[in-house]
Amino acid sequence: MKRRDFITNTAAASTLVGMGGLGLSSCSNLNGKKITILHTNDVHSHIDPFPNSHSQYPNLGGVARRATLVEQIRNENPNTLLFDAGDIFQGTPYFNFYGGELEFKLMSKLKYDAATIGNHDFDNGVDGLLAQMPYASFDMLSANYDFSNTVMDGYVRPYKTYMVDGIKIGVYGLGIALDGLVTKSLYKETRYLDPFEMASDMERQLKEEEQCDLIICLSHLGYDYENPQRPSDTQLAQRTHHTQLIIGGHTHTFLEKPDVRINQNGDSVLVNQVGCYGLNVGRIDFYFDATKKATAQGVSISV
């Protein structure tokens, strides 16, 4: 699927699928639990709404509106997590002037739980990224960027687990190959590891050792490509065994609703991406029954 230039409306699209082969008869799931996952990607330092005169996105977006939306959803369901799939930096003068400080401070204000690292987050180098880490109260997750020989060593973890209303959620991050996208002098000794191999390691660890009920990948690989040699979210979904949701970035793909792929176990995997520039927020509601089997419903919300 190519990048699509449209914005989805609040209730424009949704999908309901059974996870692990189980389908529930109703989304209400009165006897179960509901976990809401909110997500953004490729915000690219867009703090303000687009001006009214903008040809494509007039008066759309903006961090203040996103904050209002997130607060409303958290009031509706306190069992909510908020994630970002990378390329937080680069795109407006805010980044040129503040170097990412403002972006991280605002994400912290919005109480993001975690983010992964996109290629543009290296635009001021690993030293520039490190300089902004004190302003990030959320976790930076990347399983396939090895920072052990850089100043970022110890600031990025491969995965994080969250216990929400008795449901254990494991989240891991994946990044795109930096060679050819980022100047070597910026990412320095950061090692890129095979994303499919690392995903397999992460989901096995999260499922078997951490005993997670829900496994999510924050991916900056890109949604899909004509070249099958380029790792993508659609390929990742079909190669995994335990990952139930892939929150994507990089390709600025506006999906009307989460894409559903089938994994190696024959189970459904949701793949979602909500475009770019903070125009949309993705919302995925997971409904767990008494045995912790889940169904999911997704929507893209315009802000």
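Results, tabulated for the structure shown:
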quantity	calculated
Compactness index (Cα Rg / 2.2 N^0.38 Å), the chain	0.93
Segment residue 74-residue 48, extension gain: residue separation times 0.36 nm, minus the distance between their alpha carbons	7.1 nm
Per residue, the convex hull volume that the Cα atoms of region 169-241 enclose (Å³)	96 Å³
Ellipticity estimate at 222 nm from DSSP helix runs (n ≥ 4, -39,500 (n - 2.57)) divided over the chain, nearest 500	-5000 deg cm²/dmol
Separation in nanometres of the label points that stand 7 Å from Cα toward Cβ, at residue 188 and residue 161	3.3 nm
Calculated FRET efficiency for the pair residue 197/residue 226, C-beta based, R₀ 30 Å, to 0.05	0.80
Gyration tensor (alpha-carbon) shape descriptor, region 123-258, a/c threshold 1.5	oblate
DSSP bridge orientation in the chain - percent antiparallel, rounded to nearest 5	60 percent
Per-pair calculated FRET efficiency, R0 = 51 Å: residue 148 and residue 265 via Cβ, rounded to 0.05	0.95
Prolate/oblate/rounded call for region 181-291, Cα gyration tensor, a/c under 1.5 rounded	oblate
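Only the coordinates and a few stated rules stand behind these numbers; no lab work does. All values reported here derive from a predicted model rather than from experimental measurement. Using ideal geometry, Cβ is built from the backbone for each residue, glycine included, and neighbour counts are taken over all protein chains shown.
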